[in-house]
Every structure is written in structure tokens, then in C-alpha cells.
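To start, the structure under review is shown below, and the notes come after it.
Computed from the coordinates by the stated procedures, all read-outs in this text should not be read as laboratory data. Everything numeric here is computed off the predicted structure, so don't read it as measured data. Here the Cβ positions follow ideal geometry from the backbone for every residue, glycine too, while neighbour counts run over all protein chains shown.
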Amino acid sequence: MKKMFFASLIIAIVSSLCFAMEIPHNKPAPVALKTKTFTGKVVSVSIGDPAKGIRSEIVIEDERGQKLSFIINPTFTKIIKKGNVPELCKLSEINKGSKVTVGYTTDKDGINQTIFLEVVE
């Protein structure tokens, strides 16, 4: 009887190890991307060619002379032309000197990825 009891106890202990929770490793929590905005005038617009691996890019300069470049993802970035009735537009419709506001995030490599591009003037 004692042998049966110890055998079932050992089986219960061993099988309980199979259901033990995994101890989490000390991994840093994923960092939420913070959306920033930048307003200025368009310095240049480069329309990319995805077939050749060239990305679309826009360079904007603010009132203090700070220039930032932004990568435009054609399937992700929403480009809006403000007016009496806001409307979607294409990157090719944005002219040098246009006043724009860009909503963007910066990835781990320091590249500014646009979320939205709003043409003000």
C-alpha cells in the first residue's frame, strides 16, 4: 500500500511540472511609438519606385530653418488637402513651397515614417 501511495505521489509531482507556468524573462516591454507633428514648407518631393526599391520622400523646412525628411508609405500614409472640403490627394500633387503638417513616428533606425500628411496651403 505504501509503495502505491509513493508511486502515485511521484507521478503527480512529475506530471505537475508539465503544467508549471513559464517564468518570464527580463525582456523590456515593447515601446509604444509616439506620434509627433512637424509643420513647415515643402523643400522637395521625391516620388519613389517600389519596383526598384526607391522610397517616396518629402523634405520640409520649418520657420526656424530646421529641415526634416520623411518617408512616405503609399499604402499607409494618408495625404489630405485641406480646403472648404478636405480631400485625399496624391504625393505628386504637392508642390515645392506648399505649407504642410506631417504626423510621423521615428523608427529604431532614426527614419521618420509618415502617418499623415496634411497640405494646409
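Subtracting the Cα-Cα distance of residue 78 and residue 109 from 0.36 nm times their residue separation leaves 8.9 nm of extension gain. Computed from the Cβ-Cβ distance with R0 of 22 Å, the FRET efficiency linking residue 90 to residue 36 stands at 0.40. Pairwise Cα separations in region 36-119 fall into 10 Å bins from 0 onward with the following percentages, short to long: 18, 55, 24, 2. Between the amide H of residue 48 and those of 56, 57, distances stay under 5 Å, these residues lying 5 or more places away or on another chain, with hydrogens modeled in the peptide plane. Which residues among region 50-81 fall inside the zone where the amide N is under 12 Å from a point 7 Å beyond the Cα of residue 120, along Cα→Cβ? Taking a point 7 Å out along Cα→Cβ of residue 120, the residues of region 50-81 whose backbone N falls under 12 Å are 61-64.
As a length-normalised measure over Cα pairs under 8 Å and 6 or more apart, the relative contact order of region 36-119 settles at 33 percent.
Checking every one of the GluC sites (Glu not before Pro) in region 32-77 against DSSP loop status and a limit of 15 other Cβ atoms within 10 Å picks out 63.
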